Amino acid sequence: MKSVLFVCLGNICRSPTAEGVFRYLCEQAGVSSRVDIDSAGTGAWHVGHPPDVRAQAAALKRGIDLSQQRARAVSDADFEVFDYILAMDQANLQELLARSPTKHAHKIQLYMEFAQDATVAEVPDPYYGEGDGFERVLDLVMDAGKGLIRVL
Ligand code: 4NP
(Lines give C-alpha, C1' and ligand atoms only; values in the text may rest on other atoms or scores of the structure.)
Protein backbone atom coordinates (compact mmCIF):
# COMPACT_ATOMS: atom_id res chain seq x y z
CA MET A 1 0.00 0.00 0.00
CA LYS A 2 1.25 3.45 -0.93
CA SER A 3 -0.15 6.72 0.40
CA VAL A 4 -0.26 10.09 -1.30
CA LEU A 5 -1.14 13.51 0.14
CA PHE A 6 -1.79 16.42 -2.23
CA VAL A 7 -1.15 19.83 -0.72
CA CYS A 8 -2.03 23.40 -1.74
CA LEU A 9 -2.78 26.57 0.20
CA GLY A 10 -6.52 26.43 0.87
CA ASN A 11 -7.42 22.80 0.06
CA ILE A 12 -10.46 24.02 -1.86
CA CYS A 13 -9.13 24.39 -5.42
CA ARG A 14 -5.96 22.64 -6.56
CA SER A 15 -5.27 19.83 -4.08
CA PRO A 16 -8.90 18.58 -3.91
CA THR A 17 -8.89 18.57 -7.71
CA ALA A 18 -5.60 16.64 -7.69
CA GLU A 19 -7.12 14.20 -5.17
CA GLY A 20 -10.31 13.64 -7.16
CA VAL A 21 -8.47 13.26 -10.44
CA PHE A 22 -5.94 10.83 -8.97
CA ARG A 23 -8.74 8.74 -7.41
CA TYR A 24 -10.36 8.63 -10.83
CA LEU A 25 -7.11 7.62 -12.55
CA CYS A 26 -6.48 4.88 -9.96
CA GLU A 27 -10.02 3.54 -10.45
CA GLN A 28 -9.52 3.52 -14.22
CA ALA A 29 -6.22 1.67 -13.77
CA GLY A 30 -7.76 -0.80 -11.29
CA VAL A 31 -5.27 0.07 -8.53
CA SER A 32 -7.54 1.93 -6.06
CA SER A 33 -7.17 -0.73 -3.37
CA ARG A 34 -3.38 -0.26 -3.40
CA VAL A 35 -3.28 3.51 -2.91
CA ASP A 36 -4.44 5.77 -0.05
CA ILE A 37 -5.22 9.26 -1.36
CA ASP A 38 -5.93 12.46 0.56
CA SER A 39 -5.42 16.23 0.30
CA ALA A 40 -4.83 19.09 2.72
CA GLY A 41 -3.98 22.79 2.85
CA THR A 42 -1.06 24.59 4.46
CA GLY A 43 -3.64 27.19 5.55
CA ALA A 44 -6.71 26.53 7.69
CA TRP A 45 -9.18 29.20 6.51
CA HIS A 46 -11.40 26.77 4.63
CA VAL A 47 -11.35 23.75 6.97
CA GLY A 48 -14.59 21.77 6.63
CA HIS A 49 -15.59 23.45 3.37
CA PRO A 50 -16.32 21.55 0.15
CA PRO A 51 -14.17 22.36 -2.89
CA ASP A 52 -14.72 25.73 -4.59
CA VAL A 53 -17.85 25.56 -6.78
CA ARG A 54 -15.73 26.43 -9.84
CA ALA A 55 -13.39 23.50 -9.14
CA GLN A 56 -16.37 21.19 -8.66
CA ALA A 57 -18.02 22.34 -11.90
CA ALA A 58 -14.84 21.98 -13.96
CA ALA A 59 -14.15 18.48 -12.60
CA LEU A 60 -17.75 17.35 -13.09
CA LYS A 61 -17.51 18.25 -16.78
CA ARG A 62 -14.87 15.53 -16.96
CA GLY A 63 -16.97 13.07 -14.97
CA ILE A 64 -15.18 13.61 -11.65
CA ASP A 65 -17.31 14.39 -8.57
CA LEU A 66 -15.51 16.40 -5.87
CA SER A 67 -18.64 17.25 -3.87
CA GLN A 68 -18.03 14.90 -0.95
CA GLN A 69 -14.52 16.17 -0.20
CA ARG A 70 -13.96 18.52 2.75
CA ALA A 71 -10.99 20.77 3.34
CA ARG A 72 -8.55 20.09 6.14
CA ALA A 73 -5.22 21.54 7.19
CA VAL A 74 -1.90 19.69 7.01
CA SER A 75 -1.17 18.07 10.39
CA ASP A 76 2.10 16.99 12.00
CA ALA A 77 0.99 13.36 11.66
CA ASP A 78 0.82 13.71 7.87
CA PHE A 79 4.60 13.75 7.66
CA GLU A 80 4.72 10.35 9.38
CA VAL A 81 1.77 8.77 7.63
CA PHE A 82 2.19 9.57 3.94
CA ASP A 83 4.75 8.15 1.52
CA TYR A 84 4.38 11.01 -0.97
CA ILE A 85 3.56 14.59 0.02
CA LEU A 86 3.04 16.51 -3.20
CA ALA A 87 2.98 20.30 -3.31
CA MET A 88 1.16 22.26 -6.00
CA ASP A 89 3.55 25.23 -5.98
CA GLN A 90 6.84 26.50 -4.56
CA ALA A 91 5.17 28.29 -1.65
CA ASN A 92 3.44 25.07 -0.59
CA LEU A 93 6.72 23.19 -1.00
CA GLN A 94 8.70 25.62 1.16
CA GLU A 95 5.98 25.64 3.84
CA LEU A 96 5.96 21.82 3.97
CA LEU A 97 9.76 21.61 4.10
CA ALA A 98 9.82 24.14 6.95
CA ARG A 99 7.32 22.10 8.95
CA SER A 100 8.57 18.60 8.20
CA PRO A 101 10.84 16.66 10.52
CA THR A 102 14.13 16.21 8.63
CA LYS A 103 13.70 12.44 8.47
CA HIS A 104 10.52 12.85 6.38
CA ALA A 105 11.62 15.72 4.14
CA HIS A 106 12.46 13.30 1.30
CA LYS A 107 8.72 12.59 0.90
CA ILE A 108 8.01 16.18 -0.11
CA GLN A 109 8.22 17.32 -3.73
CA LEU A 110 6.45 19.34 -6.39
CA TYR A 111 3.62 17.37 -7.99
CA MET A 112 4.50 18.61 -11.46
CA GLU A 113 7.77 16.70 -11.29
CA PHE A 114 5.65 13.69 -12.26
CA ALA A 115 4.17 15.38 -15.35
CA GLN A 116 4.98 13.77 -18.68
CA ASP A 117 3.75 16.45 -21.08
CA ALA A 118 3.63 19.74 -19.23
CA THR A 119 6.92 21.54 -18.68
CA VAL A 120 5.76 23.87 -15.91
CA ALA A 121 7.02 23.39 -12.35
CA GLU A 122 3.87 24.51 -10.54
CA VAL A 123 0.08 24.20 -10.62
CA PRO A 124 -0.97 27.90 -10.66
CA ASP A 125 -3.48 29.04 -8.06
CA PRO A 126 -6.82 29.63 -9.87
CA TYR A 127 -8.63 31.11 -6.84
CA TYR A 128 -8.43 34.82 -7.75
CA GLY A 129 -8.06 34.34 -11.47
CA GLU A 130 -10.55 34.71 -14.28
CA GLY A 131 -11.18 32.43 -17.20
CA ASP A 132 -9.88 28.95 -17.65
CA GLY A 133 -7.69 28.62 -14.56
CA PHE A 134 -9.66 25.63 -13.30
CA GLU A 135 -9.44 23.88 -16.67
CA ARG A 136 -5.69 24.44 -16.60
CA VAL A 137 -5.50 22.92 -13.10
CA LEU A 138 -7.36 19.85 -14.37
CA ASP A 139 -5.06 19.47 -17.38
CA LEU A 140 -1.96 19.72 -15.20
CA VAL A 141 -3.05 17.35 -12.43
CA MET A 142 -4.28 14.85 -15.01
CA ASP A 143 -0.85 14.90 -16.62
CA ALA A 144 1.04 14.59 -13.31
CA GLY A 145 -1.40 11.92 -12.07
CA LYS A 146 -0.66 9.70 -15.05
CA GLY A 147 3.05 10.02 -14.30
CA LEU A 148 2.55 9.31 -10.59
CA ILE A 149 0.59 6.13 -11.28
CA ARG A 150 3.53 4.80 -13.26
CA VAL A 151 5.89 5.40 -10.37
CA LEU A 152 3.72 3.87 -7.63
P1 4NP B 1 -6.02 26.46 -3.36
O2 4NP B 1 -6.59 27.91 -3.73
O3 4NP B 1 -4.76 26.68 -2.56
O4 4NP B 1 -5.75 25.85 -4.69
O5 4NP B 1 -7.11 25.77 -2.58
C6 4NP B 1 -6.82 28.91 -2.77
C7 4NP B 1 -7.98 28.86 -2.03
C8 4NP B 1 -8.23 29.86 -1.11
C9 4NP B 1 -7.33 30.88 -0.91
C10 4NP B 1 -6.16 30.90 -1.65
C11 4NP B 1 -5.91 29.90 -2.57
N12 4NP B 1 -7.60 31.91 0.01
O13 4NP B 1 -6.79 32.85 0.10
O14 4NP B 1 -8.63 31.86 0.69
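Structure notes:
- Of all residues in segment 71-85, those that are within 15 Å of Gln109 (Cα to Cα) and more than 16 Å from the ligand (Cβ to nearest atom) have Cβ atoms under 7 Å from Cβ atoms of residues that are assigned to a loop (DSSP other than H, G, I, E, B) and of a type outside the set (Ser, Thr, Tyr), 6 or more apart or on another chain, in Phe79/Pro101.
Yes/no matrix, rows are residues, columns are (1) crowded, with 18+ Cβ neighbours inside 10 Å; (2) hydrophobic (A, V, I, L, M, F, W, C); (3) in a helix (DSSP H, G or I):
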position: Glu80; (1), (2), (3): no, no, yes
position: Ile85; (1), (2), (3): yes, yes, no
position: Lys103; (1), (2), (3): no, no, yes
position: Gln109; (1), (2), (3): no, no, no
position: Leu140; (1), (2), (3): yes, yes, yes
position: Ile149; (1), (2), (3): no, yes, yes
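- All positions within segment 5-56 that are surrounded by fewer than 24 Cβ atoms within 10 Å (Cβ to Cβ), in contact (Cβ under 8 Å) with a residue 60 or more places away in the chain and among the hydrophobic types (A, V, I, L, M, F, W, C): Leu9, Leu25, Cys26, Ala29, Val31, Val35
- Given (1) of a type outside the set (D, E, K, R); (2) assigned to a loop (DSSP other than H, G, I, E, B); (3) away from the ligand (no atom under 12 Å from the Cβ), index of the condition Val47 fails: (3)
- Flag for Asn92 being within 12 Å of the ligand (Cβ to nearest atom), part of a helix (DSSP H, G or I), under 14 Å from the mean Cα position of the chain (by Cα) and not hydroxyl-bearing (Ser, Thr, Tyr): yes
- Checked against (1) among the hydrophobic types (A, V, I, L, M, F, W, C); (2) outside any strand (DSSP E or B); (3) within 16 Å of the ligand (Cβ to nearest atom), Leu25 passes all but condition (3).
- For segment 28-44, a residue qualifies if it is under 18 Å from Asp83 (Cα atoms) and either modelled with pLDDT under 95 or within 14 Å of the ligand (Cβ to nearest atom) (or both), and the qualifying residues are Ser39, Ala40, Gly41, Thr42.
- Matching residues, segment 3-22, being touching a strand residue (DSSP E or B) at 6+ places or on another chain (Cβ under 7 Å) and part of a loop (DSSP other than H, G, I, E, B): Leu9, Gly10, Asn11
- Just one of (1) of a type in the set (A, V, I, L, M, F, W, C); (2) more than 16 Å from the ligand (Cβ to nearest atom); (3) touching a Pro at 6+ places or on another chain (Cβ under 6 Å) fails for Leu60. It is (3).
The values are calculated or read from the model by the stated rules, or taken from the named source; none is laboratory data. Remember, predicted model here, so these are calculated numbers, not experimental data. All Cβ positions, even for glycine, are placed from backbone atoms using ideal geometry, and neighbour counts span all protein chains on display.
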